[in-house]
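This report refers to the structure that appears directly beneath it.
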Amino acid sequence: MPKRGKFMIFLGYAAGVGKTYAMLEAAQRLRLQGNDVVVGYFEPHDRPGTTALMEGLTLVPRVVREYRGRRFEEMDTEAILARRPALCVVDELAHTNAPGSPRAKRWQDVEQLLDQGIDVLTTLNIQHLESLNDQVWAISHVRVRETVPDWVVSQASEVLMVDLTPRALLHRLERGVVYPPEKAARALEHFFRESTLGGLRELALRQAAHVTESRQELVAAVKSPAANDRILIHISADPSAAMLIRRGKRVADHLHAQCFAVYISAPSDQFASTAAVEKHLAFARNLQIDTRTIAGDDAAATLVEFARQHRITQIFLARPGRGGAAKLVNRIVRLAHDMQVTIVAQRGPRTG
Amino acid sequence: MRGRLKIFLGYGSGVGKSYRMLDEGRRRRERGEDVVVGAVQPQTQGAALDALSHLEVIPMLRQGDVTRMDVDAIVSRNPGFCLVDGMAYDNPPGSRWAHRWEEIEYLLERGIAVIASVNLQFIEERQDEVERITGRRSAQTIPARLLLEADEIEVVDAPPTPGATNPAQRERLSALREVALLLAADVVDRQLETYLRVHGIEARWGTQERILVCVTPYTDTEAMIQSGRRNADRFRGELIVAHVYQRPLPADSQAQFEAILRRASEAGAEVARLQADDFVDAILPFAHSRGVTQIFVGHSIHLRWWQRARRSSLERLINGASDMDVRVFPH
């Protein structure tokens, strides 16, 4: 196996802050230092300044995929692997590939390149980070569908903040630098409000700081193992489980805690909601959470027993709806009297 | 009308602050705006020097081997924008203003917009942190309020590689970088709060984690505050400890409890004292008004009311705090 490639992310908080520009500038510097640099994927958006920065960089042609009579142009990962550059530029890490592509997500293509020892420069907007999905929804009223798991981002050797003040970004938008006029007008009415941009910008700054900090802490943690937090997330068929999983994992990541997710299946409702539960378990696994399904008639007792066996310090529960769920929370709190129990917030846009 | 202030914040020399500032000046000038350069640093080179060559410079005054801005010349030239590189310089003794940042304030008062740059190392209130990381303090500093009161601040980020030859040096630069990013996040948070308030938008987005630890003499107060501190540190958030006063305690218990609260306040927590007949009625409005994202309560809240009330306090708290995580602690 070749030595794994290094990975640098240019992090922004909205389209137009200059992520692609900053990435191409870095690529040009590296090329001039004599590195073999190719561009695997680049989204020009018809911004002249950015396109000019492509000069002298080798562009690996995209592959065309057809799906239901439509043509999609995707990054040709196989061609890049065959070409074996030292460094590859990949715009928009959160992109979802067209159906029928070898890998569903571009971040999986990037993983492939890194595995083969190719360094990667890439771009990402903060709203695509999985663990912030609910907060981003609350701030922007947009439920972002294309997300990147946090562990992918944590692997980066650097996460660089590409900053621009919201005011400057709004001017760019008004001058037509970011989008063509009709799209710009729509954007200004929705996503591109000063408050929304400010909120996302703050999230991005904190995330960039967090990645820097974890890197230093990991070094320190090897020397002195800190208090061992162990977190358990209780999974159900309820749609709120996704929010619960994201939050539990985010807290676990900040505390450097080990993270489990458990679904207690009652023998009586063997066939109920299996698809939803499976979806939630798969989602948790995708975030690198250790998942289990345990049979048990008494969900509260089974969950707490599992927690004791696994020396869990903190149990994460969804906010109860009506009736049964509230009782379950009450019972778990009573049974798990020697642990912390967290009932997770309902994050999202305010209604009414 | 007071001029607008925009600051480019970097975490070390060589990250490209001066370039970004001068480049913005050049682009504004190309768009027809009236821009002059009031102060440059002597070591300006490369791309920054190139940007500078496209700009009108008001020559600096020389006094021995120190230079200072020619404030009078700038004011009489009365440009739309004045670029000031290196906010933290001190002027030679006997100057009208001791510090360059005071000159900036004067320009702002005269209605001139200023675009300036500064390094984290030169922020007065961050000297302890900087010293912990680098072992050095700066003799010349600017007050942090300039950043907080600036109309805009922009972070200039770069990998901690240029110039970092050994791992220890790299580590130091990473640590400085983190402090700079968090400082910028705090400034953005303040600005956002002001914006939302001015526009009458009621929103709590939890961009900054705020942990509220609710203590009574019946909770394991010490452990809860410790955990709150740790969680707040890990999230780089704020810690608030609220004591809900319900009924008088024996003198020695009261003294013990007070000592714990005092230690919390010494450890950087804000300590609030709430008075109410009902715990939940006291905590909820306070938590909402402070934009709390996580509430820590003791198990006792549950057990004490569990049998007595039709709906337990915990249930009421969970229902009322729907936009916060509620964490129940062992007793």
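The values are calculated or read from the model by the stated rules, or taken from the named source; none is laboratory data. Fair warning: this is a prediction, and the values are worked out from it, not measured in the lab. Cβ atoms come from the backbone with ideal geometry, glycine included; neighbour counts cover every protein chain shown.
In summary, A:V152 fulfils each of the numbered conditions (1) touching a helix residue (DSSP H, G or I) at 6+ places or on another chain (Cβ under 6 Å); (2) part of a loop (DSSP other than H, G, I, E, B); (3) of a type in the set (A, V, I, L, M) with the single exception of condition (2).
I'd like the residue in region B:1-41 that is part of a helix (DSSP H, G or I) and not basic (K, R) and, out of all such residues, is surrounded by the fewest Cβ atoms within 10 Å (Cβ to Cβ).
Residues of region B:1-41 part of a helix (DSSP H, G or I): B:17-30.
Then keep just the ones that are not basic (K, R); that gives B:18-19, B:21-25, B:30.
Numbers: B:S18: 28, B:Y19: 22, B:M21: 27, B:L22: 28, B:D23: 17, B:E24: 19, B:G25: 23, B:E30: 10.
The qualifying residue surrounded by the fewest Cβ atoms within 10 Å (Cβ to Cβ) is B:E30.
Taken together, the residues in region A:99-131 that are assigned to a loop (DSSP other than H, G, I, E, B) and of a type in the set (D, E, K, R) amount to 1.
Please work out if A:A86 is touching a residue at least 40 places away in the same chain (Cβ under 8 Å) and either surrounded by fewer than 23 Cβ atoms within 10 Å (Cβ to Cβ) or among the hydroxyl-bearing types (S, T, Y) (or both).
Values: touching a residue at least 40 places away in the same chain (Cβ under 8 Å): yes; either surrounded by fewer than 23 Cβ atoms within 10 Å (Cβ to Cβ) or among the hydroxyl-bearing types (S, T, Y) (or both): yes.
The answer is yes for A:A86.
Take B:L120 and tell me if it is under 17 Å from B:G10 (Cβ atoms) and within 13 Å of chain A (Cβ to nearest Cβ). For B:L120, the condition - under 17 Å from B:G10 (Cβ atoms) and within 13 Å of chain A (Cβ to nearest Cβ) - is met. For B:R263, which of the numbered conditions (1) modelled with pLDDT of 85 or more; (2) within 20 Å of the chain's Cα centre (by Cα) fails to hold? Among (1) modelled with pLDDT of 85 or more; (2) within 20 Å of the chain's Cα centre (by Cα), B:R263 violates only (2). Close contacts from region B:155-170, counting a first residue that is farther than 16 Å from B:R20 by Cβ and facing chain A (nearest Cβ under 7 Å) and a second that is modelled with pLDDT of 65 or more and assigned to a helix (DSSP H, G or I), with Cβ to Cβ under 7 Å and a gap of 6+ residues or different chains, come to none at all.
Restricting A:R186, A:R143, A:R201 to residues that are within 23 Å of the chain's Cα centre (by Cα) and either more than 14 Å from every other protein chain (Cβ to nearest Cβ) or part of a loop (DSSP other than H, G, I, E, B) (or both) narrows the list to A:R143.
Evaluating B:R236 against the criteria (1) away from every other protein chain (no Cβ under 14 Å); (2) surrounded by fewer than 21 Cβ atoms within 10 Å (Cβ to Cβ); (3) in contact with a helix residue (DSSP H, G or I) (Cβ under 7 Å, 6 or more places away or on another chain) leaves one unmet condition, (1). The single condition among (1) closer than 27 Å to B:W205 by Cβ; (2) within 18 Å of the chain's Cα centre (by Cα); (3) away from chain B (no Cβ under 13 Å) that A:V178 does not satisfy is (2).
So for region B:181-199 (the condition being in contact with a Pro (Cβ under 8 Å, 6 or more places away or on another chain), of a type in the set (G, A, S) and facing another protein chain (nearest Cβ under 7 Å)), does at least one residue qualify? The answer is no, given that none of the residues of region B:181-199 is in contact with a Pro (Cβ under 8 Å, 6 or more places away or on another chain), of a type in the set (G, A, S) and facing another protein chain (nearest Cβ under 7 Å). Of the residues making up region A:254-275, those that are more than 15 Å from A:D290 (Cα to Cα), touching a helix residue (DSSP H, G or I) at 6+ places or on another chain (Cβ under 9 Å) and modelled with pLDDT of 85 or more are A:H254, A:L255, A:S265.
Residues are listed down the side, and each one gets a yes or a no for (1) in the same structural domain as B:E125 (by TED's automatic domain parsing); (2) of a type in the set (K, R); (3) modelled with pLDDT of 95 or more:
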| site | (1), (2), (3) |
| --- | --- |
| B:P42 | yes, no, no |
| B:Q45 | yes, no, no |
| B:Q63 | yes, no, no |
| B:R68 | yes, yes, no |
| B:R77 | yes, yes, yes |
| B:C82 | yes, no, yes |
| B:H99 | yes, no, yes |
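Yes/no matrix, rows are residues, columns are (1) part of a loop (DSSP other than H, G, I, E, B); (2) at pLDDT 95 or above:
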site	(1), (2)
B:G111	yes, yes
B:S117	no, yes
B:R137	yes, no
B:A158	yes, no
B:E178	no, no
B:L183	no, no
B:D186	no, no
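Since A:V142 meets every condition but one in (1) at pLDDT 95 or above; (2) surrounded by fewer than 17 Cβ atoms within 10 Å (Cβ to Cβ), which condition does it not meet? Here A:V142 meets the rest and fails (1).
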